[in-house]
Amino acid sequence: QSPAYEWRRVRNGAELARWFRDYDAALPAGSVSAHFIDVHDTMWWLLPGNWWRREQIGIEATKAALVVHALRGGAYMTFVGGEVGIEAELPRVHELRRTRLELGLGIADYDAVTCDDDAVYCVIRRTADSAALVAVNTSDREVRCRCTVDPTVPLTDGGRRLTDLWN
C-alpha cells in the first residue's frame, strides 16, 4: 500500500481494540457481526503460497487473530483449510466460549482496561454476572506489561482475582 494510506492501517493491539470499539459502537443496538480469519472471496486471486493468513502473516499472528476474533463475541469464520496450523487453538477458544458466557455472548468494554504496551489487545468482556479480561499480544516479541482494569469491574465471582484461562 501507498504510504499515503498508512494512517488507515491498524498497526498494533491498542489500535485494534479502538477499531473494534468504534466498529461495535456503529452497529445498530442488539446487532452482532461475523469476522473472517480467512475467506475465499479475498484470497483466491492471490498467487498460491500467499492465500492463507498463516502464509501472509505467519502462524503465531494467525493464532493471535483467532483468539481476538473468537473471544470478541459474535461469530468468527474461516474458509475450509484455514484451520491448518491452529488446530490446537480451535478447541480451546470453543471451550472458553462455551464455559465462559461473557466470552461468547457478553458485551465488550474496551474503555474499562488500559495497557502500558500498545502491542497488547485488551478488552473486558462481561455479562451481568461475570467479566473476563482478554489480553492478546499482537507483536512478534515477548511482552511484559501492566494492564489496569477499572476498579468497579468485578473480574471473577464479584472479586478482583485474575485467573489465566488460556494456559
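Of all residues in the range 92-115, how many are touching a residue at least 24 places away in the same chain (Cβ under 8 Å), out of contact with any strand residue (DSSP E or B) (no Cβ under 8 Å at 6 or more places or on another chain) and open to solvent by 30 Å² or more (accessible area, probe 1.4 Å)? Residues flagged as touching a residue at least 24 places away in the same chain (Cβ under 8 Å), out of contact with any strand residue (DSSP E or B) (no Cβ under 8 Å at 6 or more places or on another chain) and open to solvent by 30 Å² or more (accessible area, probe 1.4 Å) within the range 92-115 amount to 6. In the range 116-150, the residue that is modelled with the highest pLDDT out of those that are under 18 Å from Glu102 (Cβ atoms) and surrounded by fewer than 17 Cβ atoms within 10 Å (Cβ to Cβ) is Cys147.
Only one of the numbered conditions (1) part of a helix (DSSP H, G or I); (2) closer than 25 Å to Asp38 by Cβ is violated by Asp111, and that is (2). Evaluated against (1) surrounded by fewer than 17 Cβ atoms within 10 Å (Cβ to Cβ); (2) without any contact (Cβ under 8 Å) to a residue 60 or more places away in the chain; (3) of a type in the set (D, E, K, R), Glu60 falls short on exactly one condition, (2). Once the range 151-167 is narrowed to residues that are at pLDDT 80 or above and polar (S, T, N, Q), the residue that is surrounded by the fewest Cβ atoms within 10 Å (Cβ to Cβ) is Asn167.
The values are calculated or read from the model by the stated rules, or taken from the named source; none is laboratory data. Since the structure is predicted, the reported quantities are computational estimates derived from the model, not experimental observations. Reconstructed Cβ throughout: ideal geometry from the backbone, glycine too, with neighbour counts over all protein chains shown. Areas reflect the complete protein model, heavy atoms only, side chains present, ligands, DNA and RNA absent. Shrake-Rupley method; radii C 1.70, N 1.55, O 1.52, S 1.80 Å.
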